Amino acid sequence: MSLVSDQLQAQLVNHQDLEQRLKHHSAAKVLKAVLQDGQAQLDALFNTHKETRIYELIHARAWLVDQILCLAWQQYNWPEEAALVAVGGYGRGELHPQSDIDLLILLGNNLDEPSWHGCTQEFITFIWDLGLQISSSVRTLDDCYEQAKDDITIATSLLESHTLIGKSGLRKKVFDWVISDQAWSDEAFYKARVATQQQRHIRTNDTEYNLEPNIKNSSGGLRDIQTIGWIGKRHFGLRYMAQLSGHNYLNQGELDTLKEGTNYLWTIRYALHLIAKRPEDRLLFDHQHKLAEFFGYQDNDDELAVEQFMHRYYRTVMHLAELNQTLLQLFDQAILHAHEDDQVVSINKRFELRNGRLQACYPSVFLRQPFAIMEAFVILAQNPQCNAIGAECKRIIQAHRHLIDDKYRRDIRVNSLFMELLRSPERMSHTLLEMQRQGVLGDYLPSFNKIVGRMQHDLYHIYTVDAHTMKVVKKMRELLLPREQERFPVAGRLVHELPKIELLYIAGLYHDIGKGSGRDHSVVGAEEVRHFCKQHQLGKWDTELVSWLVRNHLLMSMTAQKRDISNPDIIHEFAKKMEDELHLGYLYVLTVCDINATNPALWNNWRASLLRQLYTATNRVLRLGLDVPVDHHALIEQSQTDARKLLQEQRFNPASVMRLWKNLGDDYFIRENAKTIAWHTRTILNHQVDGPVVAISETSYSAFEGGTQVFVYTQDKPNLFAALCAILGQLHLDIQDARIITTEDGYSMDTFVVLDANGKTINQTPALLEKLQHRLIQALQFPDEFGYIVQQRQPRTHKFFNHPSIVSLSNPEGRSWTRLELSSADRPGLLAQVGLVFMRLGISIQKAKIQSIGGRVEDVFFITLNNGKRIEDGRLLQTLESDICNALDTHTQ
């Protein structure tokens, strides 16, 4: 039976008219016109009907090409033992507008080359002239046997084939051979296809939640669906995947999921081909926007149009990925273990282990005892003999998920089991992920269900909210492992000292659960987690701690990245918010896990050192007591005493040291530690020639923390900051922190902390260090010859997030500086552009906190007028704001 209606066939190709036109015009011209007209009709139907007719349209495109190729084949004199065979996706009868057309010219073994060679060359040239993008091969029967035996891809393409024209018996011979054990045994074919899927998933980050997913190759994509079909066809010799239902491998619900998921992904792919005007399977950012508009999504208060579009995509592929795993498990049992006796271990009256997989003892187990749904996952986490929940058990769980209602959620047995799961010493995060993939976690925690598949359209958050949440909990578990102690020494120690680690996991589950609510997600999450704690009968102290963690989960990272944590007043202020060392410990571990699970690029050496520094300094304050005031005079005296001792060991003249120090000011000695003060002093006093001082040192606390310090001491110049930033940018170094001190005798002491493009220190690259030092000295000696332009291309993905720059200015009470916060699209030379604005307006930088994440910069500058006073002129503040925004946004366009 044709998958294309007679009406549509007649609409696409009028055979009588076509025969007449071929008699009077060139075949190439006629067939090309029919092909173009037919595709235009299909595209028009798609634009009108989209998903409702996608199944027919995809097969109609293949049917249309069938007609053209058959007529083209008839233009040549082929030997009897020859056939034109459609293979691969075209062999399934599925074609998208820009899909390659996979063709096999199949020949008998005994044909002489002259009988087919000329026809073949002319035929392929003719097809290309028609505008069809073909991928062709010419093989004899023996060639097919030999090549398919060695290549699973070729074997699979021959498995999905049909004869277009010519001797059909040739393809039948190849098909029968491919599904025989001579080519690939059932077991070998299954293993090869599963291995190929695993490799493909690794190439696409092994998740269905990529920011720019591949709808064909990513987890849960079309290839995952096709893999099930291929294995089923080889195992049962089927033509269509739907026929698996006749072998009890697909129930009606699963078949509906596959059909709906396939049609949805086909609809996206068809539209993607129309938009890209080329074969394209990647949902790139620019395509996402266009697709969201094409499918009629509109921005609302909760989600952007593109976020709504991707929300449905992510939910769809999540279901397809889980179904893929369920069906592969069934094939695994049927193909790899069919002749083995089942190893059955009884768990209780409800469950048993069958070959290491959890199975229900009887189909109505969840109907009779609904709490057993949660019990199944507890067994998965706690029973070392349980490798997975069996496919049959998964199906029964899916059939009874409707039982997870408000009454179920209040069941004390279920609540106790979930808390038992969170306290499980092994496989807890793995089990939560399994619950999430099966939809049970979202059913049990309705607030979690709201974030499933929810994306945040930026480069900072590279996972959906639910995927990020699962990764946070996984990182918490990983910190317990010895292998993580070197990379996370403080968090790795603290996580073992937390009295109730399950409270940390609950905070991890709920910290972002309020996203998409239209309110402050931290506040919403704190409210939701209170409800959870009450429902699960946690004590008052535990409830307050978890709620506090969720409400303040951004506090530590924001303080470390945006506040001057070298200032003891800031540390004391932060310590008051912590209340005690236990709150600090919990928050530190949560913060480390949150950053690591947001984006792999976020956690670099410098960010690690900032958090460690903030934790250590705050912990010291808490141990001494919050009632002990900050004694600035004592801090200055202590820093100078310790630095003086270090310098005395190297026999520096105390009088020379004091002459230098008297020009530095108190803030310098409050913010810098003794080791850095001694290094700066030694470097300056050892400099015996005229010209700027440039020194480079590492600030590492371990192999995984710190940055490279670039220290410059030179006569102050208006363009100094802009020049230094431009040089560092030209060498592809990322500035993490900047401290600028203008001495009383007219010199500038500038310290930059930098990392390379991979987030590592540069001290292990001598050539780069030498080049950096040379460039800095050269630019400082000849400032008028210096160019501020950073020649570096903006990454493609960043171009879609060039939102207008935002500048916020404030004059905190009791401070001698003005605080400027800048949020802008990242681009090469940004800091140099900002520095030039400061220079033009007569503004000096005292300190800068630099943060570039996911295509955005979130920088904080502590600035004054050149006379050292903060900026209080309203008109100047307005000019400063507008000039920075204009400079940056004009520079981006």
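The values are calculated or read from the model by the stated rules, or taken from the named source; none is laboratory data. As the structure is a prediction and not an experimental result, all values here were calculated from the model. Neighbour counts run over all protein chains shown; Cβ positions are idealised from the backbone, glycine included. Calculation scope for accessible area: heavy atoms of the full protein, side chains included, ligands and nucleic acids excluded. Shrake-Rupley method; radii C 1.70, N 1.55, O 1.52, S 1.80 Å.
Once the other residues with Cβ under 9 Å from the Cβ of S748 are scored (Lys, Arg +1; Asp, Glu -1), what is the net sum? The partial results should precede the final answer.
Values: positive: K717; negative: D716, D750.
Taking every Cβ under 9 Å from that of S748, the sum is -1.
Explain nothing, just compute: Karplus ³J(HN,Hα) = 6.51 cos²θ - 1.76 cosθ + 1.60, θ = phi - 60°, for every residue of segment 570-578 in order, whole Hz, x for Gly and Pro.
5, 5, 5, 4, 5, 4, 4, 6, 6
Over segment 642-740, with every protein chain in place, what whole percent of the accessible area is carbon and sulfur at 1.4 Å, could you tell me?
Details: 2030 of 4390 Å².
Percent of accessible area from carbon and sulfur atoms in segment 642-740: 46.
Tell me which GluC sites (Glu not before Pro) from segment 522-561 have a DSSP coil assignment and no more than 10 other beta carbons within 10 Å of their own. Please list the in-between numbers first.
Details: sites: E527, E528, E544; in loops: none.
Answer by residue number: there is no such site.
Tell me whether segment 5-108 comes out rounded, prolate or oblate; compute the Cα gyration tensor, take square roots of the eigenvalues as a ≥ b ≥ c, and use a/c under 1.5 as the rounded threshold. The partial results should precede the final answer.
On the way: a/c = 2.39, a/b = 1.28, b/c = 1.86.
It comes out oblate by the Cα gyration axes.
Under a no-solvent Debye model with one identical scatterer per Cα of segment 801-893, what's log10 I(q)/I(0) at q = 0.10 Å⁻¹?
Relative scattering, expressed as log10 I(q)/I(0), comes to -0.23.
Count the lysine pairs in segment 185-324 whose Cα atoms lie under 27 Å apart, taking only pairs 8 or more positions apart in sequence or on different chains.
Final tally of qualifying lysine pairs is 11.
How many percent of the accessible area of segment 11-136 is carbon or sulfur, using a 1.4 Å probe? Let's see the in-between values first.
Details: 2510 of 5660 Å².
Of all accessible area on segment 11-136, carbon and sulfur atoms account for 44 percent.
Under the rule a/c < 1.5 gives rounded, and otherwise a/b versus b/c splits prolate from oblate, where does segment 351-430 land using the Cα gyration tensor?
In terms of gyration-tensor shape, oblate.
For helix 27-49, what angle does its Cα long axis make with the longest principal axis of the chain, in degrees from 0 to 90 and rounded to 10?
60
Taking K167 as the anchor, which aspartates and glutamates have their alpha carbon closer than 12 Å to its alpha carbon, excluding any fewer than eight residues away along the same chain?
E80, E81
What accessible area per residue comes out for segment 573-728, rounded to a whole number of Å², with a 1.4 Å probe? Write out the running numbers ahead of the final one.
Numbers: 6860 Å² over 156 residues.
That works out to 44 Å² per residue.
Once Lys and Arg get +1 and Asp and Glu get -1 on their Cβ, which of L250, L291, S218 lies farthest toward the positive end of the dipole of segment 217-350?
Ranked along the dipole, the leading option is L250.
So what is the orientation-averaged projected area of segment 492-538, using the convex hull of its C-alpha atoms, in nm²? Before the final figure, lay out each step's value.
Values: hull surface 15.1 nm².
The orientation-averaged projected area of the Cα hull of segment 492-538 comes to 3.8 nm².
Considering only the other residues whose Cβ falls under 14 Å of the Cβ of H25, what net charge follows from Lys and Arg at +1 and Asp and Glu at -1? Could you put the intermediate results ahead of the total?
Details: positive: R21, K23, K29, K32; negative: D17, E19.
Residues near H25 contribute +2 overall.
Any idea which of V34, A617, N14 is furthest toward the positive side of the dipole for the chain, if Lys and Arg beta-carbons carry +1 and Asp and Glu beta-carbons -1?
Working it through, the farthest residue towards the positive pole turns out to be A617.
Once you keep just the Cα pairs under 8 angstrom separated by 6 or more residues, what percentage relative contact order results for the chain? Don't skip to the end; give the middle numbers.
On the way: 1312 pairs, mean separation 56.5, N = 893.
With pairs under 8 Å counted, the relative contact order is 6 percent.
How much mean residue ellipticity at 222 nm does the chain get from its helices, if each DSSP H run of length 4 or more adds -39500 (n - 2.57) and you divide by all residues, to the nearest 500 deg cm²/dmol? Walk me through the numbers on the way to the answer.
On the way: 39 runs with 478 residues, N = 893.
After summing the helix terms and dividing by residue count, I get -16500 deg cm²/dmol.
Counting heavy atoms of the protein chains only and a 1.4 Å probe, report the per residue accessible area for segment 47-177 as a whole number of Å². Please list the in-between numbers first.
Details: 5400 Å² over 131 residues.
On a per-residue basis, segment 47-177 sits at 41 Å².
Accessible area per residue of segment 391-432 at 1.4 Å probe, in Å²?
Details: 2120 Å² over 42 residues.
In whole numbers, segment 391-432 has 50 Å² accessible per residue.
If eta is 1.002 mPa s and T is 20 °C, what Stokes-Einstein diffusion coefficient results for the chain, Kirkwood Rh from Cα pairs, in µm²/s? The partial results should precede the final answer.
Details: Rh = 32.1 Å.
The Stokes-Einstein estimate is 67 µm²/s.
Please report, as a whole percent, how much of the solvent-accessible surface of segment 183-234 comes from carbon and sulfur atoms (probe radius 1.4 Å).
With neighbouring chains kept in place, the figure for segment 183-234 is 44 percent.
Output the 0 to 90 degree angle, nearest 10, between the alpha-carbon long axis of helix 15-24 and the longest principal axis computed from the alpha carbons of the chain.
90
Using Cα atoms only, what is the angle between the long axis of helix 412-422 and the major principal axis of the chain, expressed in degrees (0 to 90) to the nearest 10?
Once rounded, the angle reads 70 degrees.
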